[in-house]
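Data first, discussion second: the structure below is written as structure tokens.
No value in this document is a laboratory result; all are computed from the given coordinates. On a predicted model such as this, the values are computed, not experimentally measured, just so you know. Every residue, glycine as well, gets a Cβ built from its backbone with ideal geometry; the counts of neighbours run over all protein chains shown.
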Amino acid sequence: MTDESKTYTLLPEQEFRLEVDFASTAIVQLKSGTAEIFGAELAPATIYSFSGQKVAIFSWHGCTLEIQGACSVQYVAEETPMHSYLNLHTALAQQRTAATASQGSGPVVLVLGPTDAGKSSLSKILLNYAVRQQHHPIFVNLDPAEGSIAMPGTLSAAPMLHLVDPVDEFSAIGLDKTGEMAAPLCFHYGFAASGDNPKLFRLLITKLASAVHARLKHDTASRQAGLIIDTGGTIDPNSYDIIKECVDVFNVTAIVILGHERLYSDMNRLYTNSSAISVVKLAKSGGVVNRDKDYLRQAQQRAIKKYFYGSAQCEYSPFSAIAWYQDLKIYRVEDSIAPTSALPLGLDRKVSETQTVPMDPGPILLHSILTVSSLDSTEDESKILESSAIGFVYVSAVNERKSTITVLSPIPGRLPRKYLLLSSFKWMEM
Ligand code: ADP
């Protein structure tokens, strides 16, 4: 551990890598030259403050950085795969230009690879490079573990109106150029991995894809800029069905595989006859860090907190509201972890995975995250899982005597809708 301020000089195409624990803070300033964090350029003499993060500061032309605070790891790396990432971006940019000229559709890129291969980092780089050239692709997040756009346990999509912030990364709600709110499209999944409930996962990617395509129909600029789809480490041959489903429903044009030879070779074989889909292999960066369970849990807790409270750069003030048991309709996904033998006769496991059961409000809800569904009372309640999310609330108190729950919400007033879905994620407000 070191706490004093240090100056590092990066030669062209070198990268400074730092890791900061959750309990520490490190401050980075660009003193001279140019540098970027996952494709987002750093502004000179600006303070970037990191905590609980692992980042790479890359410089194409060389720079001087000042680092202050406690980093658990900090070093300069000479070898990076940034050239190959830039080449991929250049090819995508050409496709966007061609799509603009022909009024067609831009590239749809599916990023695959094991967990901790650098998939999210590559997605950010591709998005940021596109935004820097005035293209605004839609980012689709099919990794429910972290909740990069919205909340852990969701599948979501959002147009990239701005660069991904070097510190705050994606923020849940952005403003577009006209100042209009651009909330992400979001579906409740409720679990951390696609394998936790594959049937529901597949149903939701289909729903998300049709919602994205509906948007693209009317949004020419996004259609021409295309999609970047990040995924959550789906490499097991048993889950290739999920990959195939993604390719089909999103009309993927390029599959990018990071750091996994077998997956690359299998995908190559699967799509060898498809002239519309190219399969590309890219090297995993030596800087990508394996994140243990504890790190991931802390990152999830931070993402939940950020949804309600924002970040140091952009703080929100959430509101508390009381809701009566009688006004709530709360559902949870039928026990997807129940073995088939434990299911009622005649109900096969796959069916139950996409069925919801109503649940009575009570102490079990304390510290839970509830998804507020867009379903309204005129719609069929069995379709709740297929309805998009309009937001999330946190259950901060349950009063059995008064039959009420207290919820924390980013917007003031009563709950905008009464249909709620219970997520498997819990959070302790501290
Ligand atoms: P994946 O999406 O495949 O699970 P990530 O892109 O999230 O992997 O990378 C895993 C971790 O490594 C993240 O914390 C990320 O910030 C970090 N990381 C990625 N690339 C680098 C790099 N070149 N230098 C330092 N840290 C990196």
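First check a/c for region 352-429, with a ≥ b ≥ c the square roots of the eigenvalues of its C-alpha gyration tensor; if it is under 1.5, answer rounded, and if not, answer prolate when a/b is larger than b/c or oblate otherwise. It would help to have the intermediate numbers written out before the result.
Values: a/c = 1.63, a/b = 1.40, b/c = 1.16.
Prolate shape, in that a/c is at least 1.5 and a/b is the bigger ratio.
Strictly over 27 Å apart at the Cα level, which of Lys217/Lys306; Lys119/Lys418; Lys293/Lys402; Lys119/Lys244; Lys31/Lys281 would you flag in this model? Don't skip to the answer; put the middle values down first.
Values: Lys217/Lys306 32 Å; Lys119/Lys418 37 Å; Lys293/Lys402 38 Å; Lys119/Lys244 18 Å; Lys31/Lys281 36 Å.
Check vs 27 Å cut-off fails for Lys217/Lys306; Lys119/Lys418; Lys293/Lys402; Lys31/Lys281.
Using θ = phi - 60° and the Karplus curve 6.51 cos²θ - 1.76 cosθ + 1.60, what whole-Hz ³J(HN,Hα) does each residue of region 25-40 get, with Gly and Pro shown as x?
9, 10, 10, 10, 10, 8, 8, 7, x, 10, 7, 9, 10, 6, x, 9
Per residue of region 106-115, what does 6.51 cos²θ - 1.76 cosθ + 1.60 with θ = phi - 60° give for ³J(HN,Hα)? Whole Hz please, x for Gly and Pro, Karplus curve as stated.
Those phi angles translate into x, x, 10, 9, 9, 9, 10, x, x, 4 Hz.
Mind listing the phi-derived Karplus ³J(HN,Hα) values for region 243-260, rounded to whole Hz, using 6.51, -1.76 and 1.60 with θ = phi - 60°, and x for any glycine or proline?
Per residue, the Karplus-derived 3J(HN,Hα) values read 4, 4, 4, 4, 4, 5, 6, 9, 6, 5, 10, 9, 9, 10, 10, 9, x, 8 Hz.
So for the chain: antiparallel DSSP bridges make up what percent, rounded to the nearest 5?
Numbers: 68 of 90 bridges.
The antiparallel proportion sits near 75 percent.
With unit charges on the beta carbon (Lys/Arg positive, Asp/Glu negative), name the residue among Phe58, Ala70, Tyr8 whose Cα is farthest towards the positive pole of the charge dipole of region 6-80.
Toward the positive end, the furthest listed residue is Ala70.
Sum -39500 (n - 2.57) across every DSSP H segment of at least 4 residues in the chain, then divide by the residue count to get the 222 nm mean residue ellipticity, nearest 500. Walk me through the intermediate numbers first.
Numbers: 8 runs with 104 residues, N = 430.
After summing the helix terms and dividing by residue count, I get -7500 deg cm²/dmol.
In whole Å, how far is the Cα centre of region 93-107 from that of region 380-395?
That distance is 35 Å.
Considering the Cα positions of region 35-120, please state its Rg to one decimal place and its Dmax as a whole number of Å.
Spelled out, the Cα radius of gyration and Dmax of region 35-120 are 16.7, 52 Å.
What residues have an amide H closer than 5 Å to that of Ile411, excluding those fewer than 5 places away on the same chain, when H is modeled at 1.01 Å from N in the peptide plane?
Hits under the 5 Å cutoff: Phe319.
If I take the Cα coordinates of region 6-80 and project them onto the principal axes, what are the three extents in Å, biggest first?
Sorted from largest, the Cα extents of region 6-80 read 33, 26, 22 Å.
Which three numbers, in whole Å and largest first, are the semi-axes of the equivalent ellipsoid of the chain derived from its Cα gyration tensor as √(5λ)?
Values: eigenvalues 254, 151, 84 Å².
In descending order, the three semi-axes are 36, 27, 21 Å.
Within region 223-256, find all residues whose amide N lies under 12 Å from a label point positioned 7 Å from the Cα of Cys314 along Cα-to-beta-carbon.
Once the point is set 7 Å along Cα→Cβ of Cys314, nothing inside region 223-256 turns out to lie under 12 Å by backbone N.
Using the Cβ atoms and a cut-off under 14 Å, what net charge is assigned to the surroundings of Gly113, where Lys and Arg are +1 and Asp and Glu are -1?
Values: positive: Lys119, Arg262, Lys281, Lys284; negative: Asp116, Asp143, Asp230, Asp236, Glu261, Asp266.
It works out to a net charge of -2.
To make sure I understand, if each residue's beta carbon is the centre and we count other beta carbons within 10 Å, what order do Ser210, Ser121 fall in, fewest to most?
Working: Ser210 12, Ser121 23.
So the residues, fewest neighbours to most, are Ser210, Ser121.
From the residues Val289, Tyr325, Ser84, which one has its Cα farthest along the dipole of the chain in the positive direction, the dipole being from +1 and -1 charges on Cβ of Lys/Arg and Asp/Glu about the Cα centre?
Farthest along the dipole direction, towards plus: Tyr325.
Sort the following peptides by mean Cβ neighbour count (other Cβ atoms within 10 Å, averaged over residues), highest first: 218-229, 360-371. Don't jump to the answer; show the numbers that get you there.
Working: 218-229: 21.0, 360-371: 18.4.
Highest to lowest by the protection proxy: 218-229, 360-371.
On average, how much area does the Cα convex hull of region 247-288 cover when viewed from any direction, in nm²?
Values: hull surface 13.0 nm².
Reported value for the Cα convex hull: 3.3 nm².
Taking just the C-alpha trace of region 82-282, give me its Rg and Dmax in Å.
15.6, 46
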